[in-house]
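Take a look at the structure below.
The values are calculated or read from the model by the stated rules, or taken from the named source; none is laboratory data. Here the structure is a predicted model, which means the values were calculated and not measured. Every residue, glycine among them, receives a Cβ derived from its backbone with ideal geometry; neighbour counts consider all protein chains shown. For the accessible areas, the whole protein counts, side chains as well, though only heavy atoms, and no ligand, DNA or RNA atoms are used. Shrake-Rupley method; radii C 1.70, N 1.55, O 1.52, S 1.80 Å.
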Amino acid sequence: MTFGEQPAYLRVAGDLRKKIVDGRLPPHTRLPSQARIREEYGVSDTVALEARKVLMAEGLVEGRSGSGTYVRERPVPRRVARSGFRPERGATPFRQEQADVGVRGTWESSSEQTDAGAAVAGRLGIEPGDRVMRTKYLFREAGEPMMLSTSWEPLALTGRTPVMLPEEGPLGGMGVVERMRAIDVIVDNVTEEVGARPGLAEELVLLGGVPGHVVLVIQRTYFASGRPVETADVVIPADRYRAAYHLPVK
């Protein structure tokens, strides 16, 4: 078999990937054994092993204990709607963002006071070590984990107010815009920076992924008159969801 100039293991992985994508190796089919790959492609055991590792890292195949390596079911990506903030009262940002796609989500959360690290402090415009309220969320769609979020709010702003705990009190769960308005802080801008990276082990455990799976990471920050009032990292499994943005034209 004649290939291009790529390293041998990438060429083999690429050919197997093509077979998976076009259906010649459908979901739940056992991947050819290392010996079969070696024989079919005329490569060494090392090359065959590395090619299988590539496919596993890409999430195309999975190992089953005592059985072998199988082609994974390829999920059809669903939308996670992103639309900045809406001043609609009585709805959480999660409910607002998912309303357009008919999702009925639930979430779990926990909050604790902590010191701001250098990265978070830079995003909030405060000093490293300043106290912040950190809130961690696990969002579910129809019971399936779909998204993680960790938010930070400067306690110099929200401390000793009714909105100090994002998910508790009279405005618990109402979202940043509504909660800040209650303490006379008017949110007027939000930014989001989207990137991708391999998921951390603890993230993939919660999201139901496997080692090597890629996640989308959205760094979101709310501002009031140029002052950051909340920042968050939103983590979404890239193989199951797409971030869909709705941006108004002014």
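Under unit Cβ charges (Lys, Arg +1; Asp, Glu -1), what dipole magnitude, rounded to 20 debye, does the chain have relative to its Cα centre? Don't skip to the end; give the middle numbers.
Numbers: 34 positive and 33 negative charges, 154 e Å.
For the chain, the charge dipole is close to 740 debye.
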> How do 213, 28 stack up against each other in accessible area, from largest to smallest, with a 1.4 angstrom probe?
Replying inline: 28, 213
>> Taking the 0 to 90 degree range and rounding to the nearest ten, how far is the long axis of helix 45-57 tilted relative to the main principal axis of the chain, both from C-alpha atoms?
In response: 30
> Which net charge results when you count Lys and Arg as +1 and Asp and Glu as -1 among the other residues whose beta-carbon is under 12 Å from that of residue 148?
Replying inline: -2
> Tell me, what is a quarter of the convex hull surface for the C-alpha atoms of the range 108-250, in nm² with one decimal?
Replying inline: 9.5
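What is the sum of charges, Lys and Arg at +1 and Asp and Glu at -1, for the other residues whose Cβ falls under 12 Å from the Cβ of residue 111?
-3
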>> Please list 3J(HN,Hα) in residue order for the range 63-73, calculated via the Karplus relation 6.51 cos²θ - 1.76 cosθ + 1.60 where θ = phi - 60°; whole Hz, with x for glycine and proline.
In response: x, 10, 3, x, 10, x, 10, 10, 5, 7, 4
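Once you list every other residue whose beta carbon is under 14 Å from the beta carbon of residue 62, what net charge do they have if Lys and Arg are +1 and Asp and Glu are -1?
Cβ neighbours under 14 Å give a net charge of +3.
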>> Using Cα-Cα distances under 8 Å and only pairs 6 or more residues apart, what relative contact order does the chain have, in percent?
In response: 17
> Using the alpha-carbon atoms, what tilt in degrees (0 to 90, nearest 10) does helix 8-21 show relative to the longest principal axis of the chain?
Replying inline: 70
>> I'd like the accessible area for residue 144, computed on protein heavy atoms only with a 1.4 Å probe and all protein chains in place. Round to 10 Å², please.
In response: 60
>> For the ranges 66-73, 38-45, 219-226, what's the packing order if you count other beta-carbon atoms within 10 Å of each residue, average per peptide, and put the highest first?
In response: 219-226, 38-45, 66-73
> What share of Cα pairs, in percent, lie more than 19 angstrom apart in the range 1-80?
Replying inline: 34
>> For the full complex of protein chains and a 1.4 angstrom probe, list 240, 78 by accessible area with the highest value first.
In response: 78, 240
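Can you tell me what the convex hull of the Cα atoms of the chain projects to on average, as an area in nm²?
17.5
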>> Tell me the relative contact order for the range 137-250 as a rounded percent, counting alpha carbon contacts under 8 Å between residues six or more apart.
In response: 27
> Considering only 142, 169, 154, whose Cα is most displaced toward the positive end of the charge dipole of the range 132-174, charges sitting on Cβ of Lys, Arg (+1) and Asp, Glu (-1)?
Replying inline: 154
> Among 183-195, 131-143, 50-62, what's the highest-first ranking by average C-beta atoms within 10 angstrom per residue?
Replying inline: 50-62, 131-143, 183-195
>> Projecting each Cα onto the charge dipole of the range 169-246 (Lys/Arg +1, Asp/Glu -1 at the beta carbon, about the Cα centre), which of 245, 208, 185 comes out farthest on the positive side?
In response: 245
> For the range 99-187, with only Lys/Arg (+1) and Asp/Glu (-1) charged at the beta-carbon, what is the dipole magnitude about the Cα centre, in debye rounded to 20?
Replying inline: 60
